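Scroll down for the structure; my scribbles are underneath it.
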Amino acid sequence: MPMSDAVAITSIGFVSSVGVGANQSCAAARAGLNGLTALPGVAVLDEDSGEMLPLLGHLAAGGIAAGFSDVGRLLALSRLALDDLARNDGGTVKAPAPLLVAVGGDYYLREHLRRQLAPAAASLPFPLEEIVEAESKRYKERVHQGFTTRLAKQVKLPLNASASRVAFGEQAALAKILPHAIASLKRGECESII
């Protein structure tokens with residue numbers, strides 16, 4: 001690849017279940033911490049004992065987004081990651097830059113809806129899967145509508161909200177969004193991308 005086509009990662013912003021910030025998160029991971037904890041208000045039936053047990057999972061940064069849902073949770077976590085990026089950036093992001101966000105899929109939302117609606121499935125006005133699909137679509141629309149605009153107002157980095165994108169799909173979301181970032185840089189639409 002010619003040097004003019006090279007794309008470089010110049011900084012990182014990071015929020016995880018073991019820390020806020022790249023340095024803290026990486027140090028905790030190297031120390032073997034995983035952030036696994038009982039999720040508040042969620043229990044599962046242990047089929048062997050018949051007892052309700054707390055569901056174990058990961059709370060980002062020790063529950064820092066607790067009380068938020070949907071877009072609010074994403075905004076809270078994204079703001080922290082971008083604040084960390086701004087601390088580590090060294091001034092490389094000068095002009096307003098598009099924000100490209102890779103968001104996990106909606107598997108857990110779909111499963112929650114299925115379990116919540118299943119007992120009343122016979123009396124629902126539409127088939128259960130149609131309702132689940134419609135709710136998933138509404139969730140993605142809520143994230144797309146105004147997410148980057150609201151985030152741009154909360155962070156210290158110059159964001160170009162109108163050129164920003166959100167991609168869904170667990171690990172595949174990053175693979176979906178990187179080609180868009182590289183193409184934008186090569187076309188000269190921006191100097192950097194967040």
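Restricting to the range 19-41, name every residue that is within 16 Å of the chain's Cα centre (by Cα) and assigned to a loop (DSSP other than H, G, I, E, B). Of everything in the range 19-41, just one residue is within 16 Å of the chain's Cα centre (by Cα) and assigned to a loop (DSSP other than H, G, I, E, B), namely Gly21. Taken over the range 124-167, residues that are over 30 Å from Glu189 (Cα atoms) and aromatic (Phe, Trp, Tyr) amount to 1.
When the range 101-145 is filtered for residues that are in contact with a strand residue (DSSP E or B) (Cβ under 7 Å, 6 or more places away or on another chain) and either without any contact (Cβ under 8 Å) to a residue 24 or more places away in the chain or not charged (D, E, K, R) (or both), the ones remaining, listed by number, are Val101, Ala102, Val103, Gly105, Val143, His144.
Is there a residue being closer than 29 Å to Asp83 by Cα, basic (Lys, Arg) and without any contact (Cβ under 8 Å) to a residue 12 or more places away in the chain anywhere in the range 170-188? Within the range 170-188, one or more residues are closer than 29 Å to Asp83 by Cα, basic (Lys, Arg) and without any contact (Cβ under 8 Å) to a residue 12 or more places away in the chain. Out of Leu82, Leu75, Leu53, Leu100, one residue alone is open to solvent by 20 Å² or more (accessible area, probe 1.4 Å), closer than 30 Å to His180 by Cβ and at pLDDT 80 or above. It is Leu100. Checked against the criterion of being β-branched (Val, Ile, Thr) and open to solvent by less than 20 Å² (accessible area, probe 1.4 Å), the range 180-191 contains not a single residue that satisfies it. The numbered conditions (1) modelled with pLDDT under 80; (2) surrounded by 15 or more Cβ atoms within 10 Å (Cβ to Cβ); (3) over 25 Å from Ala172 (Cα atoms); (4) among the hydrophobic types (A, V, I, L, M, F, W, C) are all true for Met3 except (2).
Give Ala121, Ala173 a once-over and let me know the one that is under 25 Å from Gly21 (Cβ atoms) and open to solvent by less than 60 Å² (accessible area, probe 1.4 Å). Sole residue among the options that is under 25 Å from Gly21 (Cβ atoms) and open to solvent by less than 60 Å² (accessible area, probe 1.4 Å): Ala173.
The values are calculated or read from the model by the stated rules, or taken from the named source; none is laboratory data. The structure presented is a predicted model; accordingly, all values stated were derived computationally and were not measured. Counting neighbours? That spans all protein chains shown, and the Cβs are built from the backbone with ideal geometry, glycine included. For accessibility, only protein heavy atoms count, side chains too; no ligands or nucleic acids. Shrake-Rupley method; radii C 1.70, N 1.55, O 1.52, S 1.80 Å.
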